[in-house]
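Presented below is the structure to which this report refers.
The values are calculated or read from the model by the stated rules, or taken from the named source; none is laboratory data. Computed from a predicted structure; not experimentally measured. Counting neighbours? That spans all protein chains shown, and the Cβs are built from the backbone with ideal geometry, glycine included. For the accessible areas, the whole protein counts, side chains as well, though only heavy atoms, and no ligand, DNA or RNA atoms are used. Shrake-Rupley method; radii C 1.70, N 1.55, O 1.52, S 1.80 Å.
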Amino acid sequence: FSQGFEVSWKWNAPNGNKLNDVFLYSSSYALAVGDCGTVWKTTNGGTGWSLMEVPWTDDCLKVWFTDANTIFIVTKDSNNNYWKIRRSTDNCVSWTAKSLANTRTINSVAMFSSEYGYMLNSGNINRTTNFFLNYTYYPVTYVFSEITLTDSLNIFAYGYTTYLSRSSSGGISWTTIN
């Protein structure tokens, strides 16, 4: 007999906003992002957190680092009208934003460098080599909800009801990992 259960933890952010994602760059450095432009930063392994000032109030849904200074945050406005991928190359001091014409849900982003990476939206993979000025669309047969990568071509993805999958071709073809 086995019984499934779910374990979760909740951090009550002092500003009261819901947190949506966290990315640990190292054992000491991490960002947590949430609603209404909430960006929390730790540089001591989570012992203390600082609320970062960002120039937007959109909900922050996903965060990704490529190095200690280059950070990406996926945001959407409160009316779900537009999505942006925001990039800082100076450790959250200044930001550039790329508005996306495709307003479908952005589930995940995984960047290899400040220009090269992948976006997962509504189950499809999009690859960019120029910070989403342009991107190549790769339809996939599974509905993926999260992606991560080990280098510019090797991507791992999983979905709501699918197995773990891997692409060693930058999203062109996929293999299911059992």
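Against the condition without any contact (Cβ under 8 Å) to a residue 24 or more places away in the chain and open to solvent by less than 30 Å² (accessible area, probe 1.4 Å), how does residue 77 come out, does it pass? Quick ask: steps written out before the conclusion?
Working: without any contact (Cβ under 8 Å) to a residue 24 or more places away in the chain: yes; open to solvent by less than 30 Å² (accessible area, probe 1.4 Å): yes.
Yes; evaluated as a whole, the condition is true for this residue.
Could you grab me the full set of residues in region 77-95 that are of a type outside the set (S, T, N, Q) and at pLDDT 90 or above?
84, 85, 86, 87, 90, 92, 93, 95
Residues that are over 21 Å from residue 74 (Cα atoms): which strands (runs of 3 or more DSSP E) entirely in region 137-178 hold 2 or more of them?
Details: elements: 144-149, 155-159, 164-167, 175-177.
Qualifying strands (runs of 3 or more DSSP E): 164-167, 175-177.
Please determine, by comparing only the residues of region 128-155 that are under 14 Å from the mean Cα position of the chain (by Cα) and open to solvent by 30 Å² or more (accessible area, probe 1.4 Å), which one is modelled with the highest pLDDT.
Among those that are under 14 Å from the mean Cα position of the chain (by Cα) and open to solvent by 30 Å² or more (accessible area, probe 1.4 Å), it is 148.
Conditions first: (1) more than 23 Å from residue 151 (Cβ to Cβ); (2) over 14 Å from the mean Cα position of the chain (by Cα); (3) not aromatic (Phe, Trp, Tyr). Residue 89 passes all but one, so which condition is the exception?
(1)
Report whether or not residue 38 is β-branched (Val, Ile, Thr) and surrounded by fewer than 19 Cβ atoms within 10 Å (Cβ to Cβ). Explain how you work it out, then say what you get.
Values: β-branched (Val, Ile, Thr): yes; surrounded by fewer than 19 Cβ atoms within 10 Å (Cβ to Cβ): no.
Judged against the criteria, residue 38 is not a match.
Residue 49 - would you say it is surrounded by 19 or more Cβ atoms within 10 Å (Cβ to Cβ) and at pLDDT below 95? Before you say what the answer is, go through the steps one by one.
Working: surrounded by 19 or more Cβ atoms within 10 Å (Cβ to Cβ): no; at pLDDT below 95: yes.
Considered against the rule, which asks whether it is surrounded by 19 or more Cβ atoms within 10 Å (Cβ to Cβ) and at pLDDT below 95, residue 49 comes out as no.
Please name all residue pairs, on different chains or six or more residues apart, with Cβ atoms under 8 Å, provided the first residue is in region 23-35 and is in a loop (DSSP other than H, G, I, E, B) and buried (at least 18 other Cβ atoms within 10 Å of the Cβ) and the second residue is at pLDDT 95 or above and among the polar types (S, T, N, Q).
Hits for this filter: zero, empty list.
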